[in-house]
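The block underneath contains the structure these notes are about, expressed in structure tokens.
Each value in this text was obtained by applying a stated rule to the coordinates, not by laboratory testing. As the structure is a prediction and not an experimental result, all values here were calculated from the model. Note: ideal-geometry Cβ built from the backbone for every residue, glycine included; neighbour counts use all protein chains shown.
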Amino acid sequence: VSALDNLLRHLDGVKRTGDGRYIARCPAHDDRHPSLSLREADDGKVLAICRAGCAVDQIVNAIGLDLTALFPPRQGTPGEGAPRQKQPFSATDLLLIAGYEAHVAGVVLADVGAGKAIPEADRLRAREAASRLIHIAEVAHGRR
Ligand SMILES: [Zn+2]
């Protein structure tokens, strides 16, 4: 069972809109017309986007799942499992670290966007956050 099929089983008002694409009623808000779009990426990960702006963790939590539900099951076809075991972090770890670093980067970027001067300490911390986020993106794409 793919991650997408598993998610669809927990959702109401599911409609297929194309190859590997579905819409459903968002479980995280009072959704009368389906506003949650779901798509399976080539690597088996699920991209879930609510048009009302619900965060993806709210969506999976609302149906009693967590963020790992968006990732393909680890016991996949033979040969698929091997590269994944090289990953130093679990999917959950990566999301937690990425979320934290994204928060740090977002705070500094908000100041940049507002035209404020950035203190040296914040600038260095933002550089560290940027390097971690890039590393996480590479791990998530299976490049390391
Ligand atoms: Zn929603």
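Which net charge results when you count Lys and Arg as +1 and Asp and Glu as -1 among the other residues whose beta-carbon is under 9 Å from that of Ser37? Don't jump to the answer; show the numbers that get you there.
Details: positive: Arg21, Arg39, Arg51; negative: none.
Taking every Cβ under 9 Å from that of Ser37, the sum is +3.
Can you pull the one-decimal nm distance between simple spin-label points at Asp42 and Thr92, each 7 Å off the Cα toward Cβ?
So the two model labels end up 3.0 nm from each other.
Positive end of the charge dipole of the chain (Lys, Arg +1 and Asp, Glu -1 on Cβ, about the Cα centre): tell me which of Gly99, Ala48, Leu67 has its Cα farthest that way.
Ala48
So how tilted is helix 91-113 from the main axis of the chain? Cα-based, degrees 0 to 90, rounded to 10.
50 degrees
Work the Kirkwood hydrodynamic radius out for the chain: mean of 1/r over every pair of different alpha-carbon atoms, inverted, in Å. List each step's numbers first, then the result.
Working: mean 1/r = 0.0583 Å⁻¹.
Across the chain, the inverse of the average 1/r is 17.2 Å.
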